[in-house]
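Asker: One structure is given below, represented as structure tokens, and several questions about it will come after.
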């Protein structure tokens, strides 16, 4: 029975937003090909015998299916002038221009045709697509509603209206439009996938799976049905089934970034880090300017001991996503490991700037700074102390470092007593680590090592200081590399 394996249904974020432009682009290509078929039968007899218009249009269609949009646009110049002047061919050209992202040119042609043929629903649909590509959702919606008023069974308009409501998180309205589209055309792929996504978000995996099974059976060579079904299975706690579908999706489209990302995440869930890294690196190759995959490759490389690779990926991540402070955290930790103290200081200062209530980053910045200039962070520490609660452990540790920057050791014994009495394991662990750093800066490596080891005994592996502590102990011979 289909639903017998369902137990607990998880949730995952919809990815419709990321795929929306691409889906619109390919729906436009399908729209174009439909018009091509009409013109191919009607206009063939009047075309130039040297190079008939239908032959050129067939070549254009091949270029479109391989996303060679500019080349497809250029081929319109080869069409017989009499054919090229027809509203059909001009509409086809506008469609291709829109698919190429040249919406200003596409709009100009479409509006000329619409002025002469105001009831031409194909032109109106193209104008709606252009409005959507331009971010003018209200105008797009108005045009689509006009089409539906004239033709209540226009599936393309119903699907795009559903998409607009989906984007606005109006799931009930979106579901209504997709249901209408499926009543008219039960095999419409976009409607099947979109309605299944809404069922998934509504925690109704049974109906979602029914639609996705239908999509898989109707479009066995398409990647999207397998990909969406994999998301359903993964969110429901069935990573093995998800991975099987993702393998099929990958076989059908090896250039899809999100398939690679989802495969990586699923493999991580199955504790297959080596294989997950391969998929995340494939995602990097597909979109080298997208930050997200680097967040995974950097962390996995750290876990697998590829520290040079991890550092490089953290640096790329920080460059691509400068407001993602965990990237700078990774950079700072690796720079401390290398003894590149100025670079470490700068990275941790950036983290602290973005997360001003996380005083540990101020301590990491100061600890790096004092390795090359004992007095350097004095003003920086004073500013951090001014924002911290005076009775907090963080304030007291900042004060200890502030005094150290002035070569004063007055608060050391009090801090040792406070750390010994601390009951919160995480706070105690961090204080031990920064005491170890404090003594290391002072040159007392024996005491530093004692506190580094005491930090390790508390086993707070989720703290960023943990990795640095492990590196330090390994370098000093207390742990194997």
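Asker: Just checking, does the range 270-287 include any residue being assigned to a loop (DSSP other than H, G, I, E, B) and closer than 27 Å to residue 346 by Cβ?
Answerer: Within the range 270-287, none of the residues are assigned to a loop (DSSP other than H, G, I, E, B) and closer than 27 Å to residue 346 by Cβ.
Asker: I would also like to ask the following. Check whether at least one residue in the range 97-117 is free of Cβ contacts under 8 Å to residues at least 24 places away in the same chain, over 22 Å from residue 212 (Cα atoms), in the same structural domain as residue 64 (by TED's automatic domain parsing) and not in a helix (DSSP H, G or I), and report yes or no.
Answerer: No, every residue in the range 97-117 fails to be free of Cβ contacts under 8 Å to residues at least 24 places away in the same chain, over 22 Å from residue 212 (Cα atoms), in the same structural domain as residue 64 (by TED's automatic domain parsing) and not in a helix (DSSP H, G or I).
Asker: Could I ask something else about it? Would the range 159-178 turn up any residue that is part of a helix (DSSP H, G or I), in contact (Cβ under 8 Å) with a residue 24 or more places away in the chain and out of contact with any helix residue (DSSP H, G or I) (no Cβ under 6 Å at 6 or more places or on another chain)?
Answerer: Yes, that holds for at least one residue.
Asker: Follow-up question, since we're still on this one. Return the pairs, sorted by first residue and then second, in which the second residue is buried (at least 24 other Cβ atoms within 10 Å of the Cβ) and outside any helix (DSSP H, G or I), the first residue lies in the range 356-369 and is at pLDDT 95 or above, the beta carbons are less than 7 Å apart, and the residues are 6+ apart or on different chains.
Answerer: Filtered contacts from the range 356-369: 365/377; 366/377; 369/377.
Asker: Can you name the residue in the range 34-53 that is surrounded by 19 or more Cβ atoms within 10 Å (Cβ to Cβ) and assigned to a helix (DSSP H, G or I) and is also modelled with the highest pLDDT among such residues?
Answerer: Among those that are surrounded by 19 or more Cβ atoms within 10 Å (Cβ to Cβ) and assigned to a helix (DSSP H, G or I), it is 53.
Residue by residue, here is whether (1) in the same structural domain as residue 458 (by TED's automatic domain parsing); (2) part of a helix (DSSP H, G or I); (3) over 16 Å from residue 336 (Cβ atoms) holds:
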residue: 368; (1), (2), (3): yes, yes, no
residue: 385; (1), (2), (3): yes, yes, yes
residue: 394; (1), (2), (3): yes, yes, yes
residue: 397; (1), (2), (3): yes, yes, yes
residue: 407; (1), (2), (3): yes, no, yes
residue: 417; (1), (2), (3): yes, yes, yes
residue: 420; (1), (2), (3): yes, yes, yes
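Asker: Among the residues of the range 424-443, which ones are at pLDDT 95 or above and outside any helix (DSSP H, G or I)?
Answerer: 424
Asker: Only one of (1) farther than 23 Å from residue 89 by Cα; (2) surrounded by 23 or more Cβ atoms within 10 Å (Cβ to Cβ) fails for residue 157. Which number is that?
Answerer: Every listed condition holds for residue 157 apart from (1).
The values are calculated or read from the model by the stated rules, or taken from the named source; none is laboratory data. Just so we're clear, the structure is a prediction, and the values are computed from it rather than from any experiment. Every residue, glycine among them, receives a Cβ derived from its backbone with ideal geometry; neighbour counts consider all protein chains shown.
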